[in-house]
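What follows is one structure encoded as structure tokens, with my remarks underneath.
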Amino acid sequence: MRDFGLTPVINVAGTMTALGASLVRPEAIEAAAAIQSEFLLIDELQARASDVIARATGAEAGVVTACSAAAMTLAIAGAMTGPDLAKVEQLPDSSGMKDEVVIPAGHLINYGAPIEQAVRLAGAKVVALGSVAGCTDHHLQQALSENTVAALFVVSHHVEQRGALELEAFIATCRAHGVPVIVDMASEYDLRGPLAMGASLAIYSAHKFLGGPTAGLLAGDKALVQAAYLQNHGIGRQMKVGKEGIVGALAALRAWGERDHQAVRAREEAVVAGWMSALAATPGLTPERHADWTGNPIERVKITVDPKVAGLFAWELAARLLAGRPAIAVRDDLLEQGLVFLDPCNLRPGKGEEAIVAQRIDEEVRAALERADGGKLSLADWRRARLEHSLAWPASFR
Ligand SMILES: *Cc1c(COP(=O)(O)O)cnc(C)c1O
């Protein structure tokens, strides 16, 4: 960190690629470091990975990929090519192959990049089902055709939850048509649910809740996992995972099975309780406990910012917290609704970061009130400033 003069960051946003993903577990760090000075047969290592992933997920087989986005592209490519190496090398030209991937319209999310591009990268086409606010079985029935190669389903807070077809019903219809279902579970704790329900493949990020290095896990049907792995002779080369990523992900997966989840919950609960009482005293802020959108065992604090009383908009508060030292990154998905979320799961234990967060929020609000310099940056202006900052890279970090 010191070598590069980097801004120290307190992460209460969640597990975000742009913030360095997760706190990597010591077991994963050790495993990744130890393998660096060894040679091995990667195919053999991935065969061992298959066993470890299969045990953890209840799948027939599994493989470690560069990340979840990569797993999605490889899974779709594998469904298109099967074990045919000529087709593997032909992609992303999909001539002569089934190439349509159906996905509920409300699942066309953006996790930093659009999911539909992960489909197109394989050479496939996206067929959106229904509308953003509703996908029914008849939309799915109508879209499935002899060109359908796979169906994609996303479980995530990013997904529009209204009027969504349940995974179970989605799987049943796809199975009846012989179409494999790929479930994007990148950020979900439930390692077994979708496969137990009959999904063909499930995808997890190693660098999110699992606390691994940057990697993805693809688990499920043996033939489909094999075909996805074969893509390393084709488009998979562009998204390869190295030995450190593979063993690090496996170590994190093992550690997850052995972790004292209750102790983690208790620690996070103490942080949430501390924030609830500390922030209640800050003018214009209403803190509330907020259960995770998709039922992961995470509780966050949802802060409603009343700009008339707090003297600044939610997005101004977030921007000022991020501009400080240490920078504090809050969860920002719903800033435009005046909501700031604090996520306790990536705080570094024993560093007192939670107290710094509460104190800095209070200071920013009181400073804005005293200086009367808040409530001036419109949502559109804030968005424009953020965009300009990204487009000005790398000069924006000088
Ligand atoms: C994070 C996320 C992804 C991308 O995962 P990576 O492993 O970072 O590529 C895809 N889908 C969902 C739902 C996510 O939350």
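The table below gives the values:
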| item | result |
| --- | --- |
| Derived scalar couplings ³J(HN,Hα) [segment 48-53; Karplus, 6.51 cos²θ - 1.76 cosθ + 1.60; whole Hz; x for Gly, Pro] | 5, 4, 4, 5, 4, 5 |
| Debye intensity ratio in log₁₀ form over the Cα atoms of segment 180-225, taken at each q of 0.34 Å⁻¹ | -1.23 |
| Share antiparallel - DSSP beta bridges, the chain, percent rounded to 5 | 55 percent |
| Whole-number D in µm² s⁻¹ for segment 222-287, Kirkwood Cα-pair radius fed into Stokes-Einstein, 25 °C, 0.890 mPa s | 150 µm²/s |
| Dipole magnitude of the chain about its Cα centre (Cβ charges: Lys, Arg +1; Asp, Glu -1), debye to nearest 20 | 660 debye |
| Amide H partners (placed H, <5 Å) of Ala21, local residues excluded | Met16 |
| The chain: most fluctuating residue of Glu288, Glu166, Glu44 per GNM, C-alpha cutoff 10 Å | Glu44 |
| The chain pair-distance distribution - Cα-Cα, 10 Å bins, rounded % | 5, 21, 28, 25, 16, 5, 0 |
| Of all accessible heavy-atom area on the chain, the percent that carbon and sulfur account for (1.4 Å) | 54 percent |
| Tail weight of P(r) past 14 Å, computed on alpha-carbon pairs of segment 303-348, percent | 48 percent |
| Cβ-defined net charge surrounding Arg348, 12 Å radius [Lys, Arg +1; Asp, Glu -1] | 0 |
| Relative packing of peptides 273-281, 145-153 - highest average C-beta neighbours within 10 Å first | 145-153, 273-281 |
| Rg to Rh quotient for segment 24-258, alpha carbon positions, Kirkwood Rh | 0.96 |
| With 5 Å bins from 0: P(r) over segment 1-138, alpha-carbon pairs, percent | 2, 8, 11, 14, 16, 17, 14, 10, 6, 3, 1, 0 |
| When segment 261-397 is reduced to its Cα atoms, the Kirkwood hydrodynamic radius in Å | 15.7 Å |
| Rg/Rh (Cα only; Kirkwood hydrodynamic radius) as it applies to segment 46-88 | 1.02 |
| Rg/Rh for segment 1-75, where both radii come from Cα atoms and Rh is the Kirkwood radius | 1.04 |
| The chain: relative contact order as a whole-number percent, Cα under 8 Å and 6+ apart | 21 percent |
| Segment 341-346 - phi-based ³J(HN,Hα) in whole Hz, Karplus 6.51/-1.76/1.60, Gly and Pro as x | 10, 10, 10, x, 6, 10 |
| Max mean-square fluctuation residue, GNM over the chain, Cα-Cα springs under 10 Å, options Glu188, Glu38, Glu89 | Glu38 |
| 12 Å beta-carbon shell around Thr282, net charge (K/R +1, D/E -1) | -2 |
| Antiparallel DSSP beta bridges within segment 109-254, as percent of all bridges there, nearest 5 | 50 percent |
| Per-q log10 I(q)/I(0), segment 60-113, q = 0.12, 0.13, 0.18, 0.22 Å⁻¹ (Debye; single scatterer per alpha-carbon; no solvent) | -0.35, -0.41, -0.75, -1.01 |
| Cut-off 12 Å between beta-carbons: net charge of the residues surrounding Tyr189, Lys and Arg +1, Asp and Glu -1 | +1 |
| Relative contact order (%) - criterion: Cα under 8 Å, at least six apart; region: segment 70-229 | 26 percent |
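The values are calculated or read from the model by the stated rules, or taken from the named source; none is laboratory data. Only a predicted model underlies this, so the values are computations on that prediction, with no experimental measurement involved. Backbone-built Cβ (ideal geometry, glycine too); neighbour counts: all protein chains shown. Only protein heavy atoms, including side chains, enter the accessible area calculation; ligands, DNA and RNA are left aside. Shrake-Rupley method; radii C 1.70, N 1.55, O 1.52, S 1.80 Å.
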